[in-house]
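Here the structure comes first, spelled out in structure tokens, and everything after it is commentary.
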Amino acid sequence: MTATTSAAPARQLDVRQVFQWLSYLQYPALLVGLAYAARPLFNGMEGMLDAYNSALLYAGVGIGMASLQDPTKTQNKVSRKVWEDPRKGRFMLWLIALQTLVPIVLGLLGAALADSTALSQLSLGLVAFGLGMIGLLKTAIEMREHHRLDKQVGKQEHGVSEAGA
């Protein structure tokens, strides 16, 4: 009976892994956003505001999908170095927070003050982009918590002192 219960969790799909896989949808969404951003360059800048609105919407969705990644893992060496260093991590969190707040504030002001539909739509695209950045900011906070070396040393020393007691 114990063999059956121990084999059951091995067959279950790990939810964290499913979200990790879903986070890879960020790349197609960002590519579509990039295509919309480049489109006016090939059309003589015709429909620029609509194209940039779509680019911001897709970029916001793509960045929001990036927030589904596993915060216990880093993407590359640069990311690991940033999140392990408390000062660099704090600076990066402030930078992401600023990149989150500015589009939301500008988008809300633009939506309230815009006198044309195209500018109003572009403003809503900025808000959508900022909302996607909120998810990224939350993931960045979690990554900083998981990877800070100064906090990990304290946990290891605390675990050793408990084991010795």
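Some notes on this structure:
- Sequence-separation-based contact order of segment 1-133, relative, with Cα cut under 8 Å and 6+ spacing, percent: 29 percent
- Accessible area expressed per residue, segment 32-117, with surrounding protein chains retained (probe 1.4 Å, Å²): 63 Å²
- In percent, rounded to a whole number, the relative contact order of segment 17-90 is 41, using alpha-carbon pairs under 8 Å and six or more apart.
- Note on segment 102-121 and segment 23-68: Cα centroid distance 18 Å, given to the nearest whole angstrom.
- Annotation: amide H-H contacts under 5 Å for SER67 (H modelled 1.01 Å from N, sequence separation of 5 or more, or interchain): none.
- To put it simply, the accessible area of segment 4-110 at a 1.4 Å probe is 68 percent carbon and sulfur.
- The gain in end-to-end length when the THR72 to VAL102 segment is fully stretched comes to 8.0 nm, 0.36 nm per residue minus the alpha carbon separation.
- HN-Hα J in Hz across segment 12-18 - Karplus 6.51, -1.76, 1.60, θ = phi - 60°, x for Gly and Pro: 5, 7, 5, 4, 4, 5, 4
The values are calculated or read from the model by the stated rules, or taken from the named source; none is laboratory data. Quick caveat, the model's predicted, so the values are computed rather than measured. SASA here: full protein model, heavy atoms, side chains in, ligands and nucleic acids out. Shrake-Rupley method; radii C 1.70, N 1.55, O 1.52, S 1.80 Å.
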